[in-house]
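Report on the structure given below.
The values are calculated or read from the model by the stated rules, or taken from the named source; none is laboratory data. Predicted, not measured: the structure shown is a model, and the values here were computed from it. Positions of Cβ are generated from backbone atoms using ideal geometry, with glycine treated the same way; all protein chains shown enter the neighbour counts.
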């Protein structure tokens, strides 16, 4: 494997920012979005306590991102503008953002994915125009997302809260994915589903 074939390097051989794990779990009147704190540049850990999960809008939406940080903050700002335009309508705001993201020449180049949740809806947003609602109310994105997702699904039928499931699943992901650490930040809110 050459340096340019390594997933942490661009085709030019330049190190790229890589990896994260974001997980959402909705269960028993609670929705949580969890994110690890690791930021890597190539094979080097640059920061261990980054904040990749935050409240959006008036605090009634939680968002988490995987991908380039500046790109994610641009998308968060755009989503917040859509939430102001369509208050209380996360699905509508997300669809409008996805339309812009797919058609706007500048936004199309952004490299990030987002999980957003409010009291009733959980969505995954991608740059290809996807607005996906997970059928089982659990979703993971980022380099450790599939590990966290599998662990959370395995724990979902246990007598655990959404937060407990998310914390355990994130710990499991951190044990498997080298781009994920155990510095987990969780935002949660009451869920009506």
Checklist entry - Are there any pairs with C-beta distances below 7 angstrom linking a residue in segment 136-150 that is surrounded by fewer than 24 Cβ atoms within 10 Å (Cβ to Cβ) to a residue that is in a helix (DSSP H, G or I), with the two at least 6 apart or on different chains, and if so which? => result 136/153; 147/172; 147/173; 147/176
Checklist entry - Only one of these conditions is not met by residue 179: (1) modelled with pLDDT of 95 or more; (2) in contact with a strand residue (DSSP E or B) (Cβ under 8 Å, 6 or more places away or on another chain); (3) more than 23 Å from residue 28 (Cα to Cα). Which number is it? => result (1)
Next on the checklist: Restricting to segment 110-126, and then to whatever is more than 13 Å from the chain's Cα centre (by Cα) and crowded, with 16+ Cβ neighbours inside 10 Å, can you tell me which residue is farthest from residue 192 (Cα to Cα)?
Outcome noted: 110
Checklist outcome for this item: Checked against (1) in a helix (DSSP H, G or I); (2) more than 13 Å from the chain's Cα centre (by Cα); (3) within 25 Å of residue 102 (Cβ to Cβ), residue 167 satisfies every condition except (3)
Checklist outcome for this item: Residues of segment 170-193 being in a helix (DSSP H, G or I) and surrounded by 21 or more Cβ atoms within 10 Å (Cβ to Cβ), in sequence order, are 170, 173, 174
Checklist outcome for this item: The one condition residue 193 fails out of (1) at pLDDT below 90; (2) on the phi > 0 side of the Ramachandran plot is (2)
Item to check | Scope segment 46-79; condition part of a strand (DSSP E or B), over 11 Å from the mean Cα position of the chain (by Cα) and in contact (Cβ under 8 Å) with a residue 60 or more places away in the chain; matching residues | outcome: 55, 56
Item to check | Matching residues in segment 149-174 - criterion: being touching a strand residue (DSSP E or B) at 6+ places or on another chain (Cβ under 8 Å) and under 22 Å from residue 41 (Cα atoms) | outcome: 170, 173, 174
